[in-house]
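Shown next, in structure tokens, is the structure this report addresses.
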Amino acid sequence: GVIDRVPYYWLVLVALMIVLWADRRIKSSRVGRAWEATREDEDAAETMGVPTFKFKLLAFAMGAAIGGMSGSLFASENGFISPDIFVIILSELFVAAVIIGGSGNRWGALAGGVLVAYLPERFREFSDYRILVFGLALMVLAVWRPEGLFPPRRVRRAKRAEAEIADLEGE
């Protein structure tokens, strides 16, 4: 193994910055708008001329490329890959982080990840009830705040517009 981990840290940091930069550029491009239109309403996007199948394949390929890159970085750090490393609870926690933070919101997912990583460690002394409380909290969040704790701006704008329409109809 490598004694000095500082170069590896910088490699991962640079890779992360490149991925975030590319994500930001793609999100504001024609491809990003097509992805958002497909996510919101696939039939309407198809009607407007967006080749949704092509853009869904592109999204899958880009996600696979980023996953492959992060997997190779993980493997180079650990030295090997074993199925025992990847337990199902980690996958569930990743999905929970996105749900808690708000789907479609990069910073919300990051905040959800911090909450999902921090809260179970904070209440480690209640280890028998941690998963139960976590599941109950997710159910409460799904019922009362389905868009997550930090919804994307488009969701907040849509809710404001709905409230304004309701106010105008009430007058």
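Inclusion of Ala142 among residues that are more than 25 Å from Ile26 (Cβ to Cβ), among the hydrophobic types (A, V, I, L, M, F, W, C) and over 19 Å from the mean Cα position of the chain (by Cα) is not warranted. Quick one: Glu169 ticks every box in (1) assigned to a helix (DSSP H, G or I); (2) more than 12 Å from the chain's Cα centre (by Cα); (3) within 30 Å of Trp35 (Cβ to Cβ) bar one, so which box is it? Tallying (1) assigned to a helix (DSSP H, G or I); (2) more than 12 Å from the chain's Cα centre (by Cα); (3) within 30 Å of Trp35 (Cβ to Cβ), Glu169 fails exactly one: (3). Residues considered: Gly68, Gly32. Of these, the only one that is closer than 24 Å to Phe94 by Cβ, loosely packed, with under 11 Cβ neighbours inside 10 Å and not acidic (Asp, Glu) is Gly68.
Take the conditions (1) out of contact with any Leu (no Cβ under 8 Å at 6 or more places or on another chain); (2) modelled with pLDDT under 80; (3) open to solvent by 70 Å² or more (accessible area, probe 1.4 Å); Ser127 misses just one of them, which is (3).
Inside the stretch 105-124, residues that are buried (at least 20 other Cβ atoms within 10 Å of the Cβ) and modelled with pLDDT under 80 make up a count of 1.
Filtering the stretch 121-166 to residues that are in a loop (DSSP other than H, G, I, E, B), among the aromatic types (Phe, Trp, Tyr) and under 22 Å from Leu110 (Cβ atoms) leaves Phe123, Phe150. Pairing residues of the stretch 103-122 that are aliphatic (A, V, I, L, M) with residues that are assigned to a loop (DSSP other than H, G, I, E, B), at Cβ distances under 6 Å and at least 6 apart in sequence or on separate chains, gives Ala111/Phe150. Hey, could you check the stretch 44-65 for residues that are touching a Ser or Thr at 6+ places or on another chain (Cβ under 9 Å) and open to solvent by 70 Å² or more (accessible area, probe 1.4 Å) and say which is nearest to Pro152 (Cα to Cα)? Across the stretch 44-65, the extreme among qualifying residues is Lys56.
The values are calculated or read from the model by the stated rules, or taken from the named source; none is laboratory data. Keep in mind that this is a model prediction, so the values were computed, not measured. Backbone-built Cβ (ideal geometry, glycine too); neighbour counts: all protein chains shown. Each accessible area value is taken on the protein alone, full model and side chains, heavy atoms only, with ligands, DNA and RNA left out. Shrake-Rupley method; radii C 1.70, N 1.55, O 1.52, S 1.80 Å.
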